[in-house]
Every structure is written in C-alpha cells, then in structure tokens.
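First up is the structure itself, then whatever we jot down about it.
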Amino acid sequence: METIEVIRNRRSIKSYQPTPVPRETLQNLVDLARYSPSGANKNAWRFVVTTERDSLQRLSQIARTCSWLATAPAGIAIAADPAATRYWLEDTSVAAYLICLAAAAQGLGAAWAAKHQSDNPDESKRRQDMVRDILSIPGSLMVPMVLAIGYPETQPPPRTRPELTDILFWERYTTKE
Ligand SMILES: Cc1cc2nc3c(=O)[nH]c(=O)nc-3n(C[C@H](O)[C@H](O)[C@H](O)COP(=O)(O)O)c2cc1C
C-alpha cells in the first residue's frame, strides 16, 4: 500500500488469525523501527519480541484493556533507559507508531497496550514491573507499551476521525464556540 493509504486505513487490530508471524517478519518490523527519529538521535530504544504463549498470556493479564494480547501471535515490548535519553517516552512512542504503520503496510495488524499513564505513576509502575518480570527487562528501563502483532482476523472499517476544522488553526489558536 502507498504510505498515505496506510496512514488513512490503519486500525488497531485486536483479533488475530492463529497463523504465526514468521520470525523474519517480526525482525523486519524492529529493523524498520531503527529508522525512527529520536531525540538528539540517541536511538535508545530496545525491543523485546515474544511469541511464547505463556508470556503473551501473562502480558494479557496486566490490565483488562489488553486482554487481546492473549491470542496475539506475537508481542513487542518497547523499552528505553531514561538515563540514556530524556525523550524515552516520545522516542518509544514514535517507534511504536512506526511499527504499527509498517505492520499495516504488509497486511499485519498491531495494537498498542499502554503500560504508562502520565497521571498515574503507581499504575504505570505496577504494569511496567509486570512486563519487566515477564520479559526479564532490567528495572532501569521504562516500558511504556507492548504491541500485539498478528494477521487480522477481520479488518475493522475506517474510524470516524475528528473534523479538520475542529482541530486545525492557522496562525493563532482560537476558541471555536
Ligand atoms: C498511547 C496509546 C495507548 C493505547 N493503549 C491502549 C490500550 O491499553 N488498550 C487498547 O485496547 N487500546 C489502546 N490503544 C489503542 C487506541 O484505543 C486506538 O488507537 C484508538 O481507539 C483509535 O483506534 P485505531 O487505532 O483503530 O485508529 C492505545 C493507543 C495509544 C496511541
């Protein structure tokens, strides 16, 4: 698919065909993530790919909002060390979205399981400690998200998006009442 088409059509995919995703395909997604921009070009992200059913099952139990990880053929946890970059959250988020787009471009689906909530440090710590424990990620690394990866069972229809006129301002922000 063309890039613009991929951007317009990508949806979060939370139900998957049981078909495994080849290791080479998963490796290729992380390979592409290396091309993400990063603050001060620190390239501090680390990616832990898992296809182990037990790990995916345990990851799915971290929160009700990521139960679909249990049936995903693969998961990718994205981590970064705050001591290596002050932009760990931004950098991992950019890399995560790039993987979501790269997955969509090749007929795969991806969904984002949040492990960081800026308004809830206790819950963030609880979730990330569990991810660290399951995937043996050092405590010094933040793990703001886990992506599920798999072949879509069905392709959800395009979502209604915000109207451009509601979100775009030229030159000055104005209140639209
Ligand atoms: C930062 C972020 C966190 C998200 N966390 C979750 C999550 O924990 N569970 C979930 O089901 N979806 C999660 N999503 C997916 C969003 O709900 C989804 O992107 C949004 O509803 C728009 O749907 P679409 O991705 O199909 O366009 C997250 C997305 C982002 C960008």
Lone qualifier among Ala40, Ala44, Ala33 - being among the hydrophobic types (A, V, I, L, M, F, W, C), more than 16 Å from the ligand (Cβ to nearest atom) and within 23 Å of Lys115 (Cβ to Cβ): Ala44
Long-range neighbours under 9 Å by Cβ, at least six apart or interchain, first residue without any contact (Cβ under 8 Å) to a residue 40 or more places away in the chain within the range 84-105, second away from the ligand (no atom under 14 Å from the Cβ): Tyr97/Ser36
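Mind checking which residues of the range 79-138 are assigned to a helix (DSSP H, G or I), of a type in the set (Gly, Ala, Ser) and closer than 27 Å to Asp54 by Cα?
Scanning the range 79-138 gives Ser93, Ala95, Ala96, Ala102, Ala103, Ala104, Ser124.
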Residue satisfying all of: in the range 79-110; surrounded by 22 or more Cβ atoms within 10 Å (Cβ to Cβ) and more than 17 Å from Ile7 (Cβ to Cβ); nearest to the ligand (Cβ to nearest atom) among these: Thr92
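Does Pro18 satisfy the condition of being outside any helix (DSSP H, G or I) and under 13 Å from Ile149 (Cα atoms)? Reasoning before the result, please.
Working: outside any helix (DSSP H, G or I): yes; under 13 Å from Ile149 (Cα atoms): yes.
Yes: the conditions hold for Pro18.
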Conditions (1) touching a residue at least 60 places away in the same chain (Cβ under 8 Å); (2) under 20 Å from Leu135 (Cα atoms); (3) among the hydroxyl-bearing types (Ser, Thr, Tyr): number failed by Thr51: (1)
Candidate set from the range 47-78 (those that are in a helix (DSSP H, G or I) and either modelled with pLDDT under 95 or among the hydroxyl-bearing types (Ser, Thr, Tyr) (or both)); member that is nearest to the ligand (Cβ to nearest atom): Thr65
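The values are calculated or read from the model by the stated rules, or taken from the named source; none is laboratory data. All values derive from a computational prediction rather than experimental measurement. Don't worry about glycine lacking a Cβ; one is built from the backbone with ideal geometry, like all the others, and counts go over all protein chains shown.
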